[in-house]
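Coordinate-derived values only; no laboratory data. As the structure is a prediction and not an experimental result, all values here were calculated from the model. Using ideal geometry, Cβ is built from the backbone for each residue, glycine included, and neighbour counts are taken over all protein chains shown.
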Amino acid sequence: MCGIIGYIGKKDIAPILFQGLKRLEYRGYDSAGIATLASGFHIKKDVGKVDEIHQRLNFLDAPGTLGIAHTRWATHGGVTKENAHPHVDCEENIAVVHNGIIENYQELKRNLISLGHKFKSQTDTEVIPHLIEEMMKKGKNFTDATASALKSLEGSYAVLILNKNERKLFAARKGSPLVLGISDSGYFAASDIPAFLEYTKNVVYLHDYDLAVLTDNGIKVFNLMENREVERKVDTVNWDIRQAEKGEFDHFMLKEISEQVDTIQRASQQNKELINHVVEEMKNAHGIFLVGAGSSYHACVAASYIMSKVSKLHVNVVLASEFPYYEHYLTDKTLVIAVSQSGETADVLEAVKSAKAKKSKVISLVNVVGSSLTRTSDVFLNINAGPEICVLSTKTYTSQLALFILLSYALVNKYEEGKKKLTRLWNEIYHLTSATTRTKIKELAEKLRDKEHIFLIGRGLQYATAMEAALKIKEVSYIHAEAFAGGELKHGTIALIEDGTPCIVFVSEENEKEILSNAIEIKSRGGYIIGVSPKNNEIFDFWIKVPESNNENPIVQIIPIQILAYQLAVLRGLDPDHPRNLAKSVTVK
Ligand code: F6R
């Protein structure tokens, strides 16, 4: 949704906030703003990307060593300068940046207006500084006023709050991510770790209802539900700042696609005991649901085919947003496996909540340790792909697949065999992400760049790949792409095929004959056939060679299409890292 960062310490605030904003831009990029404190507030905010706003307002000349910043993905109120954060109270004593949604803001706003407060924006956020102002007017000190204001909010928030008259930074969360960073030269609070990773790897994950007070001398955390000071442990992350930088790549998307050569290996290095524990839970469960959204859902679809084949295990795959409608099936013997890169997707967290309400067990597959999902699950497995900055899931999708493959083999006591299969993919992925493959795929992108529609077909595991491939193409190139199970075409969709309609066909040894016969049906109606296949075939107008990898096909077959989606975006003059209307973690329902 949005990204927030704040700092208090010895260092100049301006470069910390400016860099932080750039690193958080993947979370929201329609407007941005900062507030620093040095003999009063210095506020700069506007619409546009961080660099564009910086050109106009120069974030780097903001004074002081204490401040907060925000990148916005608009929910309440249009994309305007007034709606950009930070927001302030009437007297401009309190400045707030916020990620999340205040569900009762209309009621709170009406009440504050009746008390004489003047609002400048259409946002839900603006009620927060006014609420604090109101409480302080009634005699509360800044801390108590903030605590009372936060207690009156319904919905979700991660907020950073400054008071013009006190050298303190408040950081509080409920339902939206917020992590603290501890360094020798100061303290950070941000939506995620890459925002301050160049300064420290020591982090504190805040819990819901935590209110942290950051001063020059340290951090104190209070829990608003427990009404007392609480201890939160300091963790050290193994992420490297280079993982959060583009390096020699033009875009994070291409960098992250290329990283898959390593991330698949990392995903397969799991704690065997933990895997065995998860396997036991799966074997003992009466009913298993795999739940996710977007690409994570597609990983679940692929997993259901692999588990059917390798482990002979029945699993139900459900979109996270649809999961509440299945709650009638849930019992204390049900196992829900929730899959989420960010661990913050609201639909997934909601699904977990309904599972927990029925006392079902929850195991999650996540990339962000310390996220809400890791904390609400009974057990979590870390896919360990490192920070994914591009809005699109690429390396995290294949790491989710790798973990599912490992689990499928472990279920039939073949953990080592599963691991070996993944290890062997190194060479294949190295080739698939090489400059040679990229050049070849660019040729195809040139042919497809002006098309309005692309269809994709596959059967079995390849159908899951077709779904994920269609999502990649449409979300980054804005070309309409749609996936079908090969056998479904003749039940209606084939009517859409015209002369030159591109169709990507995912072929595996297992169902080569059937899928090629579907491809012929398309070809004979004028379709342009792109084969993603181990072998060339006369019906292909364009051939993308991929190795036959059986159950690992979903990993190797998606990579060329991730590259195709990237090339299409670049050729169409689009920014692959920041597709329009999308946000990296979707923390609203
Ligand atoms: C697609 C994409 C989204 C996410 C979805 C779930 O490229 O990134 O479809 O997969 O929003 O996100 P997570 O996995 O964080 O729950």
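Can you give the FRET efficiency to the nearest 0.05 for Lys490 and Lys353, using r as the Cβ-Cβ distance and R₀ = 51 Å?
On the way: r = 42 Å, r/R0 = 0.81.
FRET efficiency, Lys490 to Lys353: 0.75.
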Roughly how many whole Å is it from the C-alpha centroid of region 1-41 to that of region 53-68?
8
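Given a Förster distance of 60 Å, report the FRET efficiency between Glu446 and Lys120 from their Cβ-Cβ distance, rounded to the nearest 0.05.
Working: r = 49 Å, r/R0 = 0.81.
Calculated transfer efficiency: 0.80.
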Computed log₁₀ I(q)/I(0) - Debye formula, equal Cα scatterers, no solvent, region 246-423, q 0.14, 0.19 Å⁻¹:
-0.68, -1.25
Add +1 for every Lys or Arg and -1 for every Asp or Glu among the other residues with Cβ under 12 Å from the Cβ of Ser156, and state the total.
-3
Amide hydrogen neighbours beyond the local backbone of Leu224, cut-off 5 Å, H modeled
Asp210, Leu211
Where in region 171-193 does the amide nitrogen come within less than 20 Å of the point 7 Å from the Cα of Thr143, taken along Cα to Cβ?
171-174, 180-181, 187-189
What number do you get for the chain when its Cα radius of gyration is normalised by 2.2 N^0.38 Å, N = residues?
1.00
Going Cα to Cα from Lys22, which lysines come in below 19 Å? Please leave out same-chain ones fewer than 8 positions away.
Lys11, Lys44, Lys45, Lys49, Lys81, Lys201, Lys246, Lys255, Lys584
Antiparallel as a % of all DSSP beta bridges within the chain, to the nearest 5?
65
Using the Cα centre of the chain as origin and beta-carbon charges of +1 (Lys, Arg) and -1 (Asp, Glu), tell me which of Val291, Leu206, Leu381 is placed farthest towards the positive end of the dipole.
Leu206
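When the helices in the chain are scored as -39500 (n - 2.57) per DSSP H run of 4 or longer and the sum is shared across all residues, what 222 nm value do you end up with, to the nearest 500 deg cm²/dmol?
Dividing the helical sum by the residues of the chain leaves -10500 deg cm²/dmol.
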Simple spin-label estimate for Asp46 and Asn536 in nanometres, 7 Å along Cα-Cβ:
5.4
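Calculate the FRET efficiency for Met225 and Val379 from the Cβ-Cβ distance with a Förster distance of 25 Å, rounded to the nearest 0.05.
On the way: r = 24 Å, r/R0 = 0.98.
E(calc), rounded to 0.05, equals 0.55.
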Does anyone have the angle between helix 553-571 and the longest principal axis of the chain? Alpha-carbon axes, 0 to 90°, nearest 10?
60
Karplus-derived 3J(HN,Hα) from phi for region 35-50 (6.51 cos²θ - 1.76 cosθ + 1.60, θ = phi - 60°), whole Hz, x at Gly and Pro, runs 9, 10, 10, 7, 6, x, 7, 10, 10, 9, 7, 6, 8, x, 6, 4
As straight-line cross-link partners of Lys10, the qualifying aspartates and glutamates (C-alpha separation under 12 Å, not fewer than 8 residues apart within one chain) are Asp184, Asp216
Computed lengthening from Glu512 to His453, 0.36 nm per intervening residue step minus Cα-Cα distance:
18.8 nm
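Order by neighbour count: Thr71, Thr437, Thr345, fewest other Cβ atoms within 10 Å first, most last. Write out the running numbers ahead of the final one.
Details: Thr71 32, Thr437 18, Thr345 27.
Starting with the residue having the fewest Cβ neighbours, the order is Thr437, Thr345, Thr71.
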Between region 101-150 and region 162-184, what is the separation of their alpha carbon centroids in Å?
18
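Listed highest first by mean packing, meaning other Cβ atoms within 10 Å per residue, what order do 242-255, 350-363 come in? Working shown, then result.
Working: 242-255: 17.0, 350-363: 18.5.
So the peptides 242-255, 350-363, ranked by packing, come out 350-363, 242-255.
First select every other residue whose beta carbon is under 12 angstrom from the beta carbon of Asn537; then total the charges, Lys and Arg +1, Asp and Glu -1. Mind dumping the intermediate values first?
On the way: positive: Lys513, Lys523, Lys535, Lys545; negative: Glu512, Glu538, Asp541.
Cβ neighbours under 12 Å give a net charge of +1.
How big, on average over all directions, is the shadow cast by the Cα convex hull of region 1-89, in nm²? Mind showing how you got there, number by number?
Numbers: hull surface 21.1 nm².
Spelled out: convex hull of the Cα atoms, projected over all directions, averaged, 5.3 nm².
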Under 21 Å Cα-Cα from Lys490, which lysines qualify once same-chain neighbours fewer than 8 residues away are excluded?
Lys513, Lys523
Region 414-430-region 243-279 distance, computed between alpha-carbon centres (Å)
14
For Thr331, Thr80, what's the fewest-to-most ordering of other Cβ within 10 Å of each Cβ?
Thr331, Thr80
Compute the signed sum of charges (Lys and Arg +1, Asp and Glu -1) over the other residues within less than 13 Å, Cβ to Cβ, of Ser121.
+2
The computed P(r) of region 434-589 puts the percent of Cα pairs beyond 23 Å at 33
Solvent-free Debye scattering, log10 I(q)/I(0), computed from the Cα coordinates of region 273-360 at q = 0.21 Å⁻¹
-1.04
Karplus-derived 3J(HN,Hα) from phi for region 109-126 (6.51 cos²θ - 1.76 cosθ + 1.60, θ = phi - 60°), whole Hz, x at Gly and Pro, runs 5, 4, 5, 5, 5, 5, 8, x, 6, 10, 9, 10, 10, 9, 7, 6, 4, 4
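Extension gain Glu103-Glu482, at 0.36 nm per residue separation less the Cα-Cα distance, in nm? Display every interim value, and only then the final one.
Details: separation 379, 0.36 × 379 = 136.44 nm, distance 3.48 nm.
Length gained, Glu103 through Glu482: 133.0 nm.
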Binning at 5 angstrom from zero up to the longest distance, how are the C-alpha pair distances of region 3-243 distributed in percent?
1, 7, 15, 21, 22, 18, 11, 4, 1, 0, 0
Against the longest alpha carbon principal axis of the chain, how many degrees, from 0 to 90 and to the nearest 10, is the axis of helix 127-137 turned?
20
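Starting with the fewest neighbours, write out Glu416, Glu25 ranked by other beta-carbon atoms found within 10 Å of each beta-carbon. Working shown, then result.
Numbers: Glu416 11, Glu25 20.
Fewest-to-most ranking of Glu416, Glu25: Glu416, Glu25.
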